[in-house]
Amino acid sequence: MSHFAKLDENNIVIFVTVGRQEDDGKEVEISARTGDTYKQTSYNTIGGVYLDPITREPAADQSKAFRKNYAGIGYTYDAGRDAFIPPKPDELSILDEETCQWVASDIEA
């Protein structure tokens, strides 16, 4: 089963939908067919690591890990990083460039 994130004009995820398995890697065709922008997202990927769907431990085969994080509504797709980045939780959080996850800053307000 494949998952695709629909993006608005600012590359913000507005919803995520399930596609057919044969749609893997077909976001260009889906976007062309619908006129909307879609990017495939990896359901079990968090922080650039693909987790085994049963054990939730890092899988031996990391070939399914892409775009750093499974997309959710409000996430931003960063084309330069080819990554989905969650919304910033607060002003003090900083982006971990490797995982594209927000981490708490050591700076106090």
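Just so you know, in the range 16-36 the residues that are under 15 Å from the mean Cα position of the chain (by Cα) and either on the phi > 0 side of the Ramachandran plot or crowded, with 16+ Cβ neighbours inside 10 Å (or both) include one that is modelled with the lowest pLDDT, and it is G25. Could you figure out which of (1) in a loop (DSSP other than H, G, I, E, B); (2) modelled with pLDDT of 95 or more isn't true of Y50? Every condition holds for Y50 apart from (1). Of note, A65 satisfies the criterion of being modelled with pLDDT under 95, in contact with a Phe, Trp or Tyr (Cβ under 7 Å, 6 or more places away or on another chain) and closer than 25 Å to M1 by Cβ.
Scanning the range 69-109 for residues that are among the β-branched types (V, I, T), in a loop (DSSP other than H, G, I, E, B) and surrounded by 10 or more Cβ atoms within 10 Å (Cβ to Cβ) turns up I73, T99.
The values are calculated or read from the model by the stated rules, or taken from the named source; none is laboratory data. Keep in mind that this is a model prediction, so the values were computed, not measured. Every residue, glycine among them, receives a Cβ derived from its backbone with ideal geometry; neighbour counts consider all protein chains shown.
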